[in-house]
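Q: Sharing a structure here in structure tokens format.
Any read-out appearing in this document is the output of simple, stated calculations on the displayed coordinates, not a laboratory observation. Everything quoted here is computed from the prediction, not taken from an experiment. Positions of Cβ are backbone-derived with ideal geometry, glycine not excepted, and every protein chain shown enters the neighbour counts.
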Amino acid sequence: MMIGVFSEDYGDIHVLWSSIFFMLNLIVIVLVSLALYTHPSYIKPISYYGFIVAIINLLFVLVYNNPVFEWFTVFTALGFVGLLVYNMFKKF
């Protein structure tokens with residue numbers, strides 16, 4: 001929410017909140033993928049996708065500072081959430 005409140009016009013404040021968001025996003029994706037990897041009702045390729053997304057997002061956070069890569073990170077994370085919802089729909 002703070003990324004929207006402090007748009008790119010705010011400069012350093014936007015960069016701060018963006019960095020916090022992307023690092024927390026990375027941590028959540030890794031923790032969810034690790035936690036559900038051993039779950040018996042969890043589709044394993046979705047967990048692999050989560051790990052791949054985390055690695056790609058980490059590379060983008062460390063190497064590139066470009067809005068295109070930020071949006072790619074957001075869309076791959078949303079894709080992971082969509083796959084989690086699909087898994088819950090099919091298995092539970």
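Q: Give me a comma-separated list of calculated 3J(HN,Hα) values for region 49-55, in order, Karplus coefficients 6.51, -1.76, 1.60 applied at θ = phi - 60°, integers in Hz, x for any Gly or Pro.
A: Taking θ as phi minus 60°, the curve returns 4, x, 5, 5, 4, 5, 5 Hz for region 49-55.
Q: Express in nm, to one decimal, how much length is gained between Phe51 and Lys91 on full extension, taking 0.36 nm for each residue of separation and deducting their alpha carbon distance.
A: So the extension gain works out to 12.3 nm.
Q: Additional query: Taking θ as phi - 60°, what are the ³J(HN,Hα) couplings along region 32-41 by the Karplus curve (6.51, -1.76, 1.60), each to the nearest whole Hz, with x for Gly and Pro?
A: 5, 5, 5, 5, 8, 4, 8, 5, x, 9
Q: With the crude spin-label approximation of a point 7 Å out along Cα→Cβ, what separation in nm comes out for Val68 versus Ala35?
A: Label at Val68, label at Ala35, 3.5 nm between them.
Q: Using a 10 Å cut-off on Cβ atoms, rank the peptides 75-84, 48-57 from the highest mean neighbour count down.
A: 48-57, 75-84
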